[in-house]
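Engineer: This is the structure I want to talk about, given as structure tokens.
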Amino acid sequence: MAIVLYLVLPQQLLVAPRFVLPGLELLLLVPLVAINPRRPTRQTRTFRVLSLTLVLVIAASNMTALGILVHELIHAGVKDGPALLTAALQVWLTNIIVFGLAFWELDRGGPVTRTQAPRDELPLADFRFSQDENDDAIQEVADGASGTSDWVPTWARWRTCAPCAG
């Protein structure tokens, strides 16, 4: 989705020719999808570096586009306001994707480590979730705490949770 959002940015916000960065991002993405087409179960140092590089490339291009956008809004005498507002929305959405990917890749050693290692062998959490703090709350809330329910932040559980399915 971040690649598509970059492709449809206005020309004045592009860092390089339109297809250079999306091509690089696809070049990084294809091996990652090829090694783990459905679930992240295998990880090598090379694939870890590839995934983090992909997140950094998307983040760098988005932050550069944001800088250009701010410059255009402040100094360029905007002639097409709706187009720049649409571009701002695209940059904002890409930023949400980038931070989600960064958290996903960095927390507790990454997605493969979180799915393969037992909970007590996982590295310390990098991010705090409310489920990690609720063990001393009222019983209904404490039952969902990470310590009592063995809750771990994963995409698989998010996609398959019963309340989310309905």
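Engineer: I'm trying to understand the selection: among the residues of segment 43-69, which are open to solvent by less than 50 Å² (accessible area, probe 1.4 Å) and charged (D, E, K, R)?
Structural biologist: Hit for segment 43-69 is R48, nothing else.
Engineer: Have a look at P40, P111, P123 and point out the one that is open to solvent by less than 50 Å² (accessible area, probe 1.4 Å), at pLDDT below 80 and either of a type outside the set (D, E) or under 21 Å from the mean Cα position of the chain (by Cα) (or both).
Structural biologist: Going through P40, P111, P123 in turn, just one is open to solvent by less than 50 Å² (accessible area, probe 1.4 Å), at pLDDT below 80 and either of a type outside the set (D, E) or under 21 Å from the mean Cα position of the chain (by Cα) (or both): P40.
Engineer: Here is a further query. Return the only residue of N95, N134 being surrounded by 13 or more Cβ atoms within 10 Å (Cβ to Cβ) and at pLDDT 85 or above.
Structural biologist: None of the others qualify; the one that does is N95.
Engineer: Restricting the search to segment 70-92, which residues are surrounded by 12 or more Cβ atoms within 10 Å (Cβ to Cβ) and within 18 Å of V4 (Cβ to Cβ)?
Structural biologist: A83, T86, A87, A88, Q90, V91, W92
Engineer: In segment 61-76, is there at least one residue being free of Cβ contacts under 8 Å to residues at least 12 places away in the same chain, within 19 Å of the chain's Cα centre (by Cα) and outside any loop (DSSP other than H, G, I, E, B)?
Structural biologist: The answer is yes, given that some residue of segment 61-76 is free of Cβ contacts under 8 Å to residues at least 12 places away in the same chain, within 19 Å of the chain's Cα centre (by Cα) and outside any loop (DSSP other than H, G, I, E, B).
Engineer: Determine, yes or no, whether L101 is part of a helix (DSSP H, G or I), under 29 Å from P123 (Cα atoms) and within 14 Å of the chain's Cα centre (by Cα).
Structural biologist: So L101 passes the test.
The values are calculated or read from the model by the stated rules, or taken from the named source; none is laboratory data. Source: prediction; values computed, not measured. Here the Cβ is made from the backbone with ideal geometry for all residues, glycine too, and neighbour counts use every protein chain on show. Side chains included, ligands, DNA and RNA excluded: accessible areas come from the protein's heavy atoms. Shrake-Rupley method; radii C 1.70, N 1.55, O 1.52, S 1.80 Å.
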